[in-house]
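Beneath this line is the structure, given in structure tokens, with notes to follow.
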Amino acid sequence: MKHRRIAVVLWGAAACLRVLGQSPAIPRLPNGKPDFNGVWQRPYVPDMGASSRDGSQKGPGTIPFTPEYEAKFKTYDPAKFDYTGHCLPQGLTRSMNSPFPIRIVQTPDIFTILYEAWNVFEIVPTDGRPLPKNPDPLWAGSHSSKWDGDTLVVESTGFNDKTNLDTVGHPHSDALRTVERFTRQDSRHISYEITLEDPKAFTKPWKNTRVFTIRPDWEIMEYSCEENNKDFTEGHIK
């Protein structure tokens with residue numbers, strides 16, 4: 001009888017969560033929002049246009065470039081110049097595409113991403129403040145966010161045009177706008193979707209999706225781009 005009562009209580013709690021639109025498998029903060037805290041492993045995405053064979057990330061196939069930016073991509077040669085080879089920041093999308101893990105630090109007011117690669121970070125306010133009207137052009141942009149149910153929607157604008165979207169060199173302009181959607185699927189996974197808009201570089205918006213896996217046995221490590229950087233010290237990149 002005791003076990004039956006416990007089962008009834010657990011079933012009732014799960015039913016209440018379903019009524020509230022909350023999955024009992026999703027860890028939550030005291031305020032009820034999904035808890036994204038932890039170290040996360042992500043698929044390496046060298047080409048945001050492509051889809052991986054294992055299905056870990058999906059792109060549009062062909063990025064809808066304007067003629068000007070299509071030509072810019074076709075003439076890209078990393079041997080002539082790759083800004084990351086000079087230890088400049090990767091930028092938002094290329095940081096998110098890197099194979100190195102991230103640590104998410106979340107409170108009721110901020111959603112912070114600590115990237116192992118380049119030891120850079122993004123701080124996203126979650127208190128409802130709007131994007132700045134005239135932001136300074138930044139490597140990772142300026143951020144705002146809102147909740148769509150259990151999904152955190154992060155909008156970023158105010159990028160400079162000094163970065164590429166990914167390792168293969170897809171370009172963007174200073175008019176880039178990104179919308180990222182972080183959805184905690186269960187106790188182990190985040191569903192990640194990014195939509196990119198850029199009226200100078202793209203003829204229409206497009207998306208890339210992937211899944212992150214939590215790694216409680218990992219921690220992000222120190223990363224020094226300058227140390228033993230032969231691309232720079234030995235002139236591999238001009």
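The table that follows gives values for the structure above.
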{"read-out": "Odd one out for Pro108 among (1) out of contact with any Gly (no Cβ under 7 Å at 6 or more places or on another chain); (2) modelled with pLDDT of 95 or more", "value": "(2)"}
{"read-out": "Tally of residues being touching a Pro at 6+ places or on another chain (Cβ under 6 Å) and surrounded by 16 or more Cβ atoms within 10 Å (Cβ to Cβ) across the range 170-194", "value": "1"}
{"read-out": "Residue match in the range 32-51 (condition: outside any loop (DSSP other than H, G, I, E, B), assigned by TED's automatic domain parsing to the domain that holds Tyr223, more than 21 Å from the chain's Cα centre (by Cα) and closer than 21 Å to Ile194 by Cβ)", "value": "no"}
{"read-out": "Residue in the range 121-131 that is assigned to a strand (DSSP E or B), free of Cβ contacts under 8 Å to residues at least 12 places away in the same chain and either not aliphatic (A, V, I, L, M) or not assigned by TED's automatic domain parsing to the domain that holds Phe182 (or both) present", "value": "yes"}
{"read-out": "The range 92-120 residues that are more than 19 Å from Ser142 (Cβ to Cβ) and touching a residue at least 40 places away in the same chain (Cβ under 8 Å), paired with ones that are assigned to a helix (DSSP H, G or I) and among the hydrophobic types (A, V, I, L, M, F, W, C) (beta carbon under 7 Å, 6 or more apart)", "value": "Ser98/Ala117; Phe100/Ala117"}
{"read-out": "Boolean, Phe81 is out of contact with any helix residue (DSSP H, G or I) (no Cβ under 9 Å at 6 or more places or on another chain), assigned by TED's automatic domain parsing to the domain that holds Ile190 and not in a loop (DSSP other than H, G, I, E, B)", "value": "no"}
{"read-out": "Only listed residue being basic (Lys, Arg), in the same structural domain as Leu165 (by TED's automatic domain parsing), modelled with pLDDT of 90 or more and touching a Pro at 6+ places or on another chain (Cβ under 9 Å), chosen from Lys58, Lys72", "value": "Lys72"}
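The values are calculated or read from the model by the stated rules, or taken from the named source; none is laboratory data. Owing to the predicted nature of the structure, the values given are computational and were not obtained by experimental measurement. Neighbour counts run over all protein chains shown; Cβ positions are idealised from the backbone, glycine included.
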